[in-house]
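Beneath this line is the structure, given in structure tokens, with notes to follow.
Values quoted throughout were computed directly from the atomic coordinates according to the rules given, and no laboratory measurement underlies them. As the structure is a computational prediction, the values presented were derived from the model and not from experiment.
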Amino acid sequence: MDTNISRELFTLGFSAFAGAFFAYLFTRIADFFSKVYQRQVKHYNSLVNLDTQLNEIGGIINDDLYIIPEFVRVISSGHIYFNNLRPLPIDKSHYENLYDLDLINILFSYNYELRKINDDIDTVSRGYDKIESAFTQKNITPEEYLYNCKNLAATLVVQKLFLTKLQDKTTRLIARIRIESKNDMPLGTKLQSLFTKTNGPKITKAEIDTELKKLEKEIEETRTSSRMEIDETLKEAGLLDIKR
């Protein structure tokens, strides 16, 4: 009798322990899967945000490239230019959300280049502000104004070359991110072998080139539409002939 009671107590104790253990184990596994999924979602959302931000940067680069030739022409003629170059936005928050190390390194180098371009834009803008201010306040002669403007115009020509290269890099980076967004979209069917693993390294040059052609077509259509709108506005204001 005592033996049976001991067995029953042991069975009950073991059952209680096993129940608690497996409940704890299940909770920990569920927590692990939840964290992995959240990590994937952060990565994917960051890719989507990057696509939007890079398109914005591409638009600003296009605007600056459109402004520079007229900027150079006006100040090289000894006249005052009333427009200005826009700086490029930089968002470093993606470093902690992405888990593709290759993309993080590419993005780091890209943001570093953005910062250098912004420094140059700031230097040009502040330089011209000082020249223009000195001229309008009659602190320098028209000849001195023209001399300084021609030096600044040479800097703007170089700036255009760097912006053109950056435009190409931006377009190619958008193409890569669009492909990676499709490949790394979070799916509940991904198992442990795919946890926090990106498909980035599997992206081929051919895929990027194909996406790049589509993207370049979109950009050209947007650029043409934008310039038509600008010309139409200038035409209505009677400034189209002056602009050209």
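Below, the figures for the structure above:
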{"item": "Under the Karplus curve 6.51 cos²θ - 1.76 cosθ + 1.60, θ = phi - 60°, whole-Hz ³J(HN,Hα) for region 115-123, x wherever Gly or Pro sits", "result": "4, 5, 4, 5, 4, 5, 4, 5, 4"}
{"item": "log₁₀ of I(q)/I(0) at q = 0.22 Å⁻¹ - region 95-154, Debye sum with one point per alpha carbon", "result": "-0.84"}
{"item": "J(HN,Hα) series, region 140-152, from Karplus relation 6.51 cos²θ - 1.76 cosθ + 1.60, nearest Hz, glycine and proline x", "result": "9, 7, x, 5, 5, 4, 5, 4, 5, 5, 5, 5, 5"}
